[in-house]
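Everything below concerns the one structure shown next.
The values are calculated or read from the model by the stated rules, or taken from the named source; none is laboratory data. Values in this document were obtained by computation on a predicted structure and should not be read as measured data. Neighbour counts are summed over all protein chains in view; Cβ atoms, including those assigned to glycine, are modelled from backbone coordinates with ideal geometry.
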Amino acid sequence: MKRVLFLVNGLGLGNSTRCHAIMQKLAGHGVASTVATSGNGLWYFRQQPGIDDPIELEALQYGTSGGRISGVRTILSVPRYLATMRANSKLIEGVMDRLKPDAVVTDSTYMRRRRRGKQVPLFAVNNADVVHTLYRHYTDRPASIRLQFHAVEELDFLYHRFVPDVALSPSLTSAAGKPPAPYVRIGPIVRPACRPSATQGRPSRILVMLSGSKFGSPVTLERAPAGCTVDIVGRAAPANQAVPGGLHYLGRVLNTPELAASADLLVVNGGFSAVSEAFVMRKPLIVIPVPNHAEQWVNARTICDLGVGMMAREEDLPAAIDEALGKIENFRAAYALLPPAADGAEEAAEQILKAVA
């Protein structure tokens, strides 16, 4: 049986959910998958049927200051990043010698190319080329994301220009243009349960799914909008405080598409996987980019450009919900004008299958 090794950054859940979607497509073609990951990725994959116990990697983290992403601290942390990459590369080399995979797929896990004669096809799931292009396309970009863009996103773009054989680049918009080689443009990669499920009529249910990483935005809601309930994923109810009526704190949830299917409005951070899943499901959106994060701002700005949602700051969440509810019909109408999203997981699997056939 053919086998693919997936190397998945486990800082949040988005890398894990989209790689899992590709694994499921490959399994349908008789190709097995092994995953090596860290952090939230370990939690996610250990609960997935049909997935072997994941191999644990060292986590690669952003530099922080005051609980926020810091471009300066990220630059200063480069020696630590390089040490982590070396340790992971050594572990991955051993795994590859043991498993002898037919292909390797990385998602924000960085590795060196293998020695000549031991190479296997190296794929990456990465759309830094989209960020590279749209950062310049949107001229209203804030100065606060500039350092992170040049210190992280542009280096990510260059790595994927020169290291992988193929970089599978999902996008929501044609504004990203044709990518440079070895990038291959595909549709958004989402889990199979993310099917279009647009709601109609007066909105009554709001789903807040902010990132489970340590950079995820806090949820500060003192009430639910009139006539609405608000389900809050990934957060526990405040300790020693009464929870106002209409607010439901659900903690960690594995299969969030099931919750999203009946929601009228989704609130997410700007991670590409969370935005993609909501987009494919045709859900009006409030996107709250993690502060100082260029990619998340670009993703949020793209949703605004498409007309299917709005961008907000984390401290403005209550007012943003009220504003979005007032614009819900505009967002629904914008979705009605857009064609169905392409199946990026299937397109990614097709590219990988060409190499392992």
Sole residue being at pLDDT below 95, crowded, with 18+ Cβ neighbours inside 10 Å and either of a type outside the set (Asp, Glu) or in contact with a helix residue (DSSP H, G or I) (Cβ under 8 Å, 6 or more places away or on another chain) (or both), chosen from Ser16, Ser33, Ser38: Ser38
Complete set of residues in region 180-213 that are more than 14 Å from Leu13 (Cβ to Cβ), buried (at least 19 other Cβ atoms within 10 Å of the Cβ) and touching a helix residue (DSSP H, G or I) at 6+ places or on another chain (Cβ under 7 Å): Tyr183, Ile186, Gly187, Pro188, Pro203, Ile206, Leu207
Qualifying residue in region 292-313 (condition: at pLDDT 95 or above, more than 30 Å from Ala143 (Cα to Cα), in contact with a Phe, Trp or Tyr (Cβ under 7 Å, 6 or more places away or on another chain) and buried (at least 18 other Cβ atoms within 10 Å of the Cβ)): no
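Rundown of residues vs (1) out of contact with any Phe, Trp or Tyr (no Cβ under 9 Å at 6 or more places or on another chain); (2) crowded, with 18+ Cβ neighbours inside 10 Å; (3) at positive phi; (4) at pLDDT 90 or above, yes/no style:
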{"site": "Gly50", "(1), (2), (3), (4)": "yes, no, yes, no"}
{"site": "Asp53", "(1), (2), (3), (4)": "no, no, no, yes"}
{"site": "Glu56", "(1), (2), (3), (4)": "yes, no, no, yes"}
{"site": "Ala59", "(1), (2), (3), (4)": "yes, no, no, no"}
{"site": "Leu122", "(1), (2), (3), (4)": "yes, yes, no, yes"}
Yes/no for Arg252 being touching a residue at least 40 places away in the same chain (Cβ under 8 Å), surrounded by fewer than 18 Cβ atoms within 10 Å (Cβ to Cβ) and within 16 Å of Ile321 (Cα to Cα): no
Qualifying positions in region 224-249 - within 18 Å of Leu325 (Cα to Cα) and in contact with a Gly (Cβ under 7 Å, 6 or more places away or on another chain): Ala224, Cys228, Thr229, Val230
Among residues of region 153-176, those that are out of contact with any Asp or Glu (no Cβ under 9 Å at 6 or more places or on another chain) and of a type in the set (Phe, Trp, Tyr), counted: 2
Test: residue in region 61-83 that is of a type in the set (Gly, Ala, Ser) and at pLDDT 70 or above: yes
Boolean, Ile145 is among the β-branched types (Val, Ile, Thr) and in contact with an Asp or Glu (Cβ under 6 Å, 6 or more places away or on another chain): no
Residues being within 23 Å of Gln47 (Cβ to Cβ) and either out of contact with any strand residue (DSSP E or B) (no Cβ under 9 Å at 6 or more places or on another chain) or among the basic types (Lys, Arg) (or both) - total across region 239-272: 7
